[in-house]
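The values are calculated or read from the model by the stated rules, or taken from the named source; none is laboratory data. It should be emphasised that the depicted structure is a prediction, and the values quoted were computed from it without experimental measurement. Here the Cβ positions follow ideal geometry from the backbone for every residue, glycine too, while neighbour counts run over all protein chains shown. Only protein heavy atoms, including side chains, enter the accessible area calculation; ligands, DNA and RNA are left aside. Shrake-Rupley method; radii C 1.70, N 1.55, O 1.52, S 1.80 Å.
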Amino acid sequence: MEINRNTIIKDLIETHPETLAVFKKYNLVIAGGVRGPNEPIAFFAKAHEVNYDILVQELNEAIAKGGGEPVEIPALEEDKVYERFVKTAIILTLTVGVTFGAAVLSYVAVKLDFNSIYYALIQAHGHAQLFGWVGLCIMGFALYIIPRVKNTELKHRNLVSTCYGFIIVGLVLRIILQSTPISALRFLLLTSAFLEMISVCLFAFIILRTIFASKEKVGIFDKFFQAGIIWLLISIGINCGMIIYLYKHGTYEIPKFVFSPFVHLYLFGFVFMFIFAINVRTVFAFLDIKPVREKAVNITFWVLNASVPIYFVAHLFAHRSTVALRVTQGIVFLIAFALISFIYGLRIFERSTKELQDVVMDRSYAKTIRTAYLWLIVTMVILVIIPFLGQDSDIQRRFHGSLNHAVTVGFITMMIIGYASKMIPTFKGIDMYSLKLSNLTFILLNTGCFLRVFSQILVGINEKPLFYAVMGSSGWFEVAAIGIFGYNLWKTMNTTQEVKSPVAGRLTEVTKDTKVFDIVEQYPETLQIFLDFGFSQMANPVMRKTMGRVASVEMATKMHNVDIEKFLHTLNDKISSKK
């Protein structure tokens, strides 16, 4: 098998199992299924910062040696450590998360009153979204990704099941009991907090031990991971304190002046640190852009980590101290500066370097990642407007709600969906189950988020029933989006890989999975059909031998917006006439 920049790793491994030893050396193959990822070697080398030419040279040497001396083939098993975390996160958000939130929002729209909902229910829903949807997704992805980016094995893997079990039981107890007036079961609310704390401590121990066990050089992203762990531990400690307060005072609602800044500490601390760490490590390859500007990224790290605790503490006392209030109004500009610095440093909106221009692969996830940063910009704009609104006024509360939605759905959920759509197929060594469903998720989620964020702002400015109605409908767009995404991702995770056997003999029928190269190689007369349908690259024999070997008919027609049924019919008619 001739190795080129578009050679798919799992295809190479199937044809030449002896190359596993080389991939094992670079710790690459374990980042995708049992046979390696369904990605071109050129992309994979850039993503893992491996010299492409050296890698190919060693692969060719392994192939040449494969027929002579026996080669030890590493035993590999698919790593599913992330699956139950992600699947549980999907279940939680489609029940007590986004679905419950949409129902509440519709009720508010009917009543034309944000105060018509029992606030303890809102807090329980918020906890389900923060620790259930966002937290479980990040934990699951971190347990899989961090060992790969640090080129080491996950330490204390035997503790992962305990970590998962404790967080799930804790979440269920918290969601049910915070808003349920059953005094005989109130002690279980304390149990929920301690179970969540134990789970988070186990997760932090596993991740930190994995990071510190690595012999890789320390990267700029390492400190983001470590800071994220610290903020997660601080967040779970505050969460435990809030639950003790509820139990001790026999109440069901955490004071808003505590709960609101806690949410922001969790988001801007733990969640942002982990997202930024992964972005710094992967975005340059995923979007084929230049490496990050390290100085700007470092500024973000220090300014954001200094601002978050000040923001939290000042908010605790802002309702009774003018000085604290002024601090909260001023610190948001530092946070906004830190986020702008990160966007600049990440180069997220810069043009492609074209380094991977010749590489054929699905890049539909790119628009989701970039759109997430557009929502982060919207978040920053709302953040710096809020201090100029009347303190604790209705309009300020509406803007504050829009801010929370822009950051949690627009930025964080969009980022989770974008990365899951790229990483999980890579983890499995397959393609995403349905690209059409991915695109539909993108449209629906952005529609719902846009309607929610801006209609809630309009409600704050002018409480017209129309604005309430638009706001009330927005949540159901998001429910549909997350439901479709969950189905698409679940089907992808449940796909069982089967080793493909080489097709013997001559092609008798072209299907959507047939490689372009095989068609033209066996039936040269079909080349004119490709050219007639607009595949001008096929006129270049080099392109036919490189891209053509990895591009299926389905992939090629999608890239050129060609009707696949008509194209297949024309090709098969030509082949039939030659039999």
Overall form of segment 191-341 per C-alpha gyration tensor (a/c, 1.5; a/b vs b/c): oblate
How big is the shadow of the Cα convex hull of segment 302-455, averaged over all directions, in nm²? 11.1
Where does each of Asp563, Asp113 land when they are ordered by accessible area, with a 1.4 Å probe and the largest first? Asp563, Asp113
So what are the ³J(HN,Hα) numbers for segment 365-373, from phi and the Karplus equation (6.51, -1.76, 1.60; θ = phi - 60°), rounded to whole Hz, Gly and Pro as x? 5, 4, 5, 5, 5, 5, 5, 4, 6
Taking the mean number of other Cβ atoms within 10 Å as a proxy for protection, how do you rank 293-303, 203-213 from highest to lowest? 203-213, 293-303
If I take all pairs of Cα atoms in segment 346-415, what percentage of them are more than 14 Å from each other? 67
Accessible surface, the chain, averaged per residue in Å² (probe 1.4 Å): 43
With everything on Cα atoms, drop me the angle between helix 52-66 and the longest principal axis of the chain, reported from 0 to 90° to the nearest 10. 50
When 1/r is averaged over all different Cα pairs and the result inverted, which Kirkwood radius in Å belongs to the chain? 25.8
Length-normalised contact order for segment 250-352 - Cα pairs under 8 Å, 6+ apart - percent: 38
Mind scanning Lys155/Lys248; Lys422/Lys464; Lys354/Lys515; Lys46/Lys558; Lys436/Lys574; Lys25/Lys428 and naming the pairs with a C-alpha gap bigger than 31 Å? Lys155/Lys248; Lys422/Lys464
Here the net charge surrounding Gln123, from other residues whose Cβ is less than 13 Å away from its Cβ (Lys, Arg +1; Asp, Glu -1), is +1
Can you figure out the FRET efficiency of Lys436 with Val323, using R₀ = 56 Å and their beta-carbon distance, to the nearest 0.05? 0.50
Working from the pairwise distances between different alpha carbons, so that the mean of 1/r is found and then inverted, what is segment 376-505's Kirkwood radius in Å? 16.6
Computed FRET efficiency, Cβ-Cβ of Thr447 and Leu233, R0 45 Å: what is it to the nearest 0.05? 0.75
Angle in degrees between helix 272-286 and the longest Cα principal axis of the chain, rounded to the nearest 10: 20
By the mean-Cβ-within-10 Å protection proxy, highest first, 125-133, 393-401, 282-290 rank as 125-133, 282-290, 393-401
Over the chain, what is the relative contact order in whole percent, taking alpha-carbon pairs under 8 Å and six or more residues apart? 15
Measure nothing but the geometry: give the 0 to 90° angle between the long axis through the Cα atoms of 435-461 and the longest principal axis through the Cα atoms of the chain, rounded to 10°. 20
Apply the Karplus curve 6.51 cos²θ - 1.76 cosθ + 1.60, θ = phi - 60°, to the phi angles in segment 225-242 and return the couplings in whole Hz, x for Gly and Pro. 4, 5, 5, x, 5, 4, 5, 5, 5, 5, 4, 5, x, 5, 4, 4, x, 5
Percent of accessible area on the chain owned by carbon and sulfur, 1.4 Å probe? 61
Taking only Cα atoms of segment 82-138, what ratio of Rg to Rh do you get with Rh as the Kirkwood inverse-distance radius? 1.08
Peptides ranked, highest mean first, by Cβ atoms within 10 Å: ranges 368-377, 151-160: 368-377, 151-160
Looking at the square roots a ≥ b ≥ c of the eigenvalues of the Cα gyration tensor of segment 157-228, which shape do they give, rounded for a/c under 1.5, prolate if a/b is larger than b/c, or oblate? prolate
Segment 107-201 - Kirkwood radius from inverse mean 1/r over Cα pairs (Å): 15.3
Under the Karplus curve 6.51 cos²θ - 1.76 cosθ + 1.60, θ = phi - 60°, whole-Hz ³J(HN,Hα) for segment 109-126, x wherever Gly or Pro sits: 5, 5, 7, 6, 7, 5, 8, 7, 9, 4, 5, 4, 5, 4, 5, 5, 4, x
